[in-house]
Amino acid sequence: MYRTACILFAWGLGIGSASAKDLPLNMPRGVTDISEQVYDLHMTIFYICCIIGALVFGAMFAAMILHRKSRGHKPAQFHESTKVEIIWTTIPFLILIGMAIPATKTLIAMEDTTEADLTVQITGSQWKWHYKYFDYNLEYFSLLATPMSQINNRFKKEENYLLEVDRPLVIPTGKKVRFLITSDDVIHSWWVPEFAVKKDANPGFINEAWTKVNEPGIYRGQCAELCGKDHGFMPVVVIAKAPDEFDTWMAEQEAEQRQAKEKEKELLGMNMEMDELMTLGEKVYLARCAACHQPNGQGIPGVFPGLQGNHMVTQDQEAHIDVVINGVNGTAMQAFGKQIGLKEMAAVITYERNAWGNNTGDIVQPKEVYEVMQK
Ligand SMILES: [Cu+2]
């Protein structure tokens, strides 16, 4: 029924091969050789379906109209015709073979991750992506960048609404990039339509995919596997740069990451003021924790614990620091120790201990976070 509707619809619009690519309902052609192959395969199969539809329905309507009873037609009387049965077994068989050959060729090419120039590990978690370059000393998280004000309709939604991140994945053009895709919690799926790459990110498994982007540009995608409350809030953004620009970018990033590590050490001797910690802490909390524990610290009963008046948050400081650093295994509470810097960690813990009327007066310094981290 669905196929019939598609065919009639396509006929109605008078699709020819030239106009099909302009039709927004059709799948995108993409920007890689593989996506081009996938598109061609899709069109080939689609046209085969159109021809079958035209022949079958043509014969059916011809029989119904030209051979109708009111014209005095007598039905033909033949049963168990071996000839007909052979024909209607052989023809579909040949059609299926004709479809399987190009489909298998494309699938094999998509799965061939050998001889990659570059490998990136992609890890999904609720609700963000983490990228780790194997051939370089660089890894980072990539979070949704669309401001809450647009999500809440307080501001106009911009063009890339829910399709923008703070740190996109950057890859070089003209190079084969292999992706190793996995997850820290539930099943996610890393999807960039224009690369024709869509692979599930399963906890405990590593799936492989690859791409080779021909033109520099910004390519956007989304998590394509329903993964919980903020599934719609973990987009994918990939920037493809010419190889020399990629090298420059990478050198800068590596240097920055090194400096950040050295800065961490300086932090250990630092004593921060309450005001500074609270301001930074609120920012970190809203960006990283509020999705679950809610901006007012009340959580969602039965799902995410409230932190307002929470025993751990108002009493046991070391346990509090520990749970934020190491998370709680097997729950949505992640180990933020590798995601958030020492200063931000000190700030967000201080914030939780003093916001929403918790007012413990406790100030947590980066040094104290570091000490718990070393245990
Ligand atoms: Cu997801």
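Since every read-out is calculated from the coordinates, none of them should be taken as a lab result. Owing to the predicted nature of the structure, the values given are computational and were not obtained by experimental measurement.
Things to note:
- Segment 104-246, relative contact order [Cα under 8 Å, separation at least 6], %: 27
- Whichever lysines have a C-alpha closer than 21 Å to that of LYS338, once near sequence neighbours (fewer than 8 apart) are set aside: LYS128, LYS132, LYS261, LYS263, LYS265, LYS283, LYS367, LYS375
- Over the chain - Rg/Rh using Cα atoms and the Kirkwood inverse-distance radius: 1.14
- Legend: P(r) of segment 284-337 from all alpha carbon pair distances, 5 Å bins from 0, whole percents, reading 5, 19, 27, 35, 14, 0.
- Placed amide H near VAL364: partners under 5 Å, 5+ positions off or other chain: THR350
- For the chain, built as a Gaussian network whose Cα springs stay under 10 Å, the top-fluctuating residue of TYR219, TYR161, TYR285: TYR161
- Table column - 3J(HN,Hα) (Hz), segment 330-337, Karplus curve with 6.51, -1.76, 1.60, x for Gly and Pro: x, 10, 6, 6, 7, 7, 7, x
- Computed over the chain, relative contact order equals 12 percent, with contacts defined as Cα pairs under 8 Å that lie 6+ residues apart.
- Residues whose amide H comes within less than 5 Å of that of GLN222, counting only those at least five positions distant or on another chain, are TRP191, VAL236 (H built at 1.01 Å from N in the peptide plane).
- A simple rule links phi to the HN-Hα coupling: the Karplus curve 6.51 cos²θ - 1.76 cosθ + 1.60 with θ = phi - 60°, which for segment 304-318 gives 10, x, x, 10, 6, x, 5, 4, 4, 6, 9, 10, 7, 5, 5 Hz, with x for Gly and Pro.
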